[in-house]
Amino acid sequence: MAKAKIFISSVNEDGLKRLRKEAFSELRALGHEPMMWEENLGPWPAHADPVSKCLEAVDEADLFLLFVGNYGGTYYKEARRTVTHLEFIKAYDRGKTVLVFVDTTVKAIFFGTIRKWLDDFMEQYIDESGHPPSPDVILTALKQNPAIPAHIDPYVWFLLHDLSMRNVYMDDLSLGVPIDWKAYFSDLLRRGSILLPLRHSIAENGRRLEQSEEAFSLLSEFSQLQQKADGSRHESILQAIAHKMSGDTIEQRYGHYLSEAIGAYKACIGATLYVKDHEKMRFVAKCADVAWNRSFRLDDQSSYVALTYNLNKDTVHYTQAKQMFYCCLKQGDFILTLHFPAGPDWDNRKYMIYQENVNNAIINKNPYLVFMVKMILGGLQP
């Protein structure tokens, strides 16, 4: 049987200590390499961040084992998650084999009443406020609900809701009933369920160099297009810009500890250009077969072009009917709209929850390129 690194995670509560220790001992006896805070992780040098070190250990593991009881653990305000939750997110995002055991009583209460209550609360909050509730808002609402058992940390419900949204299977955990770890893990490993850790190695300097090369390449193409005097110049400029706008993943960041891929968008398929003309935004040019209007009134709340102009900042919008992200860049009186097909797992609810992440991914992916595009827009004549 292949040797595997197994990260054991849970809150350090009395009811789980014995279980963690038994799992550690039995897995090591089976010839594997379990990793656990009390046994073989740390202590680290005084200057080292223990949370970051734990996350590094999760990244090294082949399998992530999580026990959930009555307590949520230490909450980090910057990340807006607990350490245990961050460890799970890291393992899930890295494609580890994830095994979750939840106290049977806690699990029954969650799936019996609290999961639906949380779904309804979040949907109502989004409908009323136009944006999703923060973790702090959710935790406060859980604490104030008298129907929810007070002896269980509200963060446990927040964690389980995240697991259920990701369709992670939760096995039963009965503290009075021992688990036959030998049979459980032997069968699991025999079926080849252990995956090698997914390694993410990105050379930051190389990435920035590549970005700057793309930006100056666009500037070079624009210089050649300036020679044109006919009406196709605007379209050619839009084609050059759209061609440089590639797709990428969209990530959620948890403070400075880690980031998680939550979706993706594809390369730009076309662009439209509008300019302010009195009280409306007038169509100037487009490239590729994309939708366009002759003009939009500046007070048209349904127009992404008008909204971006009035907000006076770059924005990204989403339309579920067309499964499309629309990145609107403002420079002077011009609004450039770039059309990016969204990944298949996006819908209005997901966009509403991760709107800020979408903006960061598309607008801030290549700041050099966006700067160059705006410089080009600033030199255009209506």
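If you check C327 against the conditions, is it more than 12 Å from Y265 (Cβ to Cβ), open to solvent by less than 20 Å² (accessible area, probe 1.4 Å) and touching a helix residue (DSSP H, G or I) at 6+ places or on another chain (Cβ under 8 Å)?
no
List pairs: first in region 287-306 and touching a residue at least 40 places away in the same chain (Cβ under 8 Å), second in a loop (DSSP other than H, G, I, E, B) and open to solvent by 50 Å² or more (accessible area, probe 1.4 Å), Cβ under 9 Å, 6+ apart or cross-chain?
Correct list of pairs: A288/I269; V290/I269.
Are there helices (runs of 4 or more DSSP H) fully within region 297-382 with at least 2 residues that are farther than 23 Å from S236 by Cα, among the charged types (D, E, K, R) and under 18 Å from the mean Cα position of the chain (by Cα)? List them.
Of the helices (runs of 4 or more DSSP H) lying wholly inside region 297-382, those with at least 2 residues that are farther than 23 Å from S236 by Cα, among the charged types (D, E, K, R) and under 18 Å from the mean Cα position of the chain (by Cα) span 348-353.
Any idea how many residues of region 34-73 are at pLDDT below 90, touching a helix residue (DSSP H, G or I) at 6+ places or on another chain (Cβ under 8 Å) and either of a type in the set (S, T, N, Q) or open to solvent by 60 Å² or more (accessible area, probe 1.4 Å) (or both)?
Counting residues in region 34-73 that are at pLDDT below 90, touching a helix residue (DSSP H, G or I) at 6+ places or on another chain (Cβ under 8 Å) and either of a type in the set (S, T, N, Q) or open to solvent by 60 Å² or more (accessible area, probe 1.4 Å) (or both) gives 4.
Within region 264-280, identify whether any single residue is among the aromatic types (F, W, Y), in contact with a helix residue (DSSP H, G or I) (Cβ under 7 Å, 6 or more places away or on another chain) and in contact (Cβ under 8 Å) with a residue 60 or more places away in the chain, and answer yes or no.
yes
Here are the criteria: (1) open to solvent by 30 Å² or more (accessible area, probe 1.4 Å); (2) on the phi < 0 side of the Ramachandran plot; (3) modelled with pLDDT under 90; (4) not in a helix (DSSP H, G or I). Tell me which single one N167 does not satisfy.
Every condition holds for N167 apart from (2).
Of all residues in region 93-111, which are farther than 20 Å from I152 by Cβ and either buried (at least 17 other Cβ atoms within 10 Å of the Cβ) or in contact with a Phe, Trp or Tyr (Cβ under 8 Å, 6 or more places away or on another chain) (or both)?
D93, R94, K96, T97, V98, L99
If you take the residues of region 85-113 that are over 19 Å from H151 (Cβ atoms) and of a type in the set (S, T, Y), which of them is modelled with the lowest pLDDT?
T97
Here is a yes/no grid of residues against (1) of a type in the set (A, V, I, L, M); (2) open to solvent by 50 Å² or more (accessible area, probe 1.4 Å); (3) at pLDDT below 80; (4) out of contact with any strand residue (DSSP E or B) (no Cβ under 8 Å at 6 or more places or on another chain):
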position	(1), (2), (3), (4)
F340	no, no, no, no
P344	no, yes, no, yes
D347	no, yes, no, yes
M352	yes, yes, no, yes
N357	no, no, no, no
A361	yes, no, no, no
N366	no, no, yes, yes
F371	no, yes, yes, yes
G378	no, yes, yes, no
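Quick one: in region 251-303, which of the residues that are of a type in the set (D, E, K, R) and under 20 Å from I353 (Cβ atoms) is modelled with the highest pLDDT?
E251
Residue-by-condition table, conditions (1) open to solvent by less than 30 Å² (accessible area, probe 1.4 Å); (2) over 30 Å from K53 (Cα atoms); (3) among the aliphatic types (A, V, I, L, M):
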position: D248; (1), (2), (3): no, no, no
position: L273; (1), (2), (3): yes, yes, yes
position: A288; (1), (2), (3): no, yes, yes
position: Y318; (1), (2), (3): yes, yes, no
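For residues that are acidic (D, E) and closer than 22 Å to V373 by Cα, tally how many sit in region 272-329.
Qualifying residue count for the region: 3.
Only one of L173, L159, L118, L99 is in contact with a helix residue (DSSP H, G or I) (Cβ under 6 Å, 6 or more places away or on another chain) and over 18 Å from Q252 (Cα atoms). Can you tell me which?
L118
Quick one: what pairs do we get from region 126-138, first residue at pLDDT 95 or above, second of a type in the set (S, T, N, Q), C-beta under 8 Å, 6+ apart or different chains?
That search, which allows pairs on different chains as well, returns nothing.
The values are calculated or read from the model by the stated rules, or taken from the named source; none is laboratory data. The shown structure was predicted, so the numbers you read here are calculated from the model rather than taken from an experiment. Counting neighbours? That spans all protein chains shown, and the Cβs are built from the backbone with ideal geometry, glycine included. Ligands, DNA and RNA are excluded from the accessible area calculation, which covers all protein heavy atoms including side chains. Shrake-Rupley method; radii C 1.70, N 1.55, O 1.52, S 1.80 Å.
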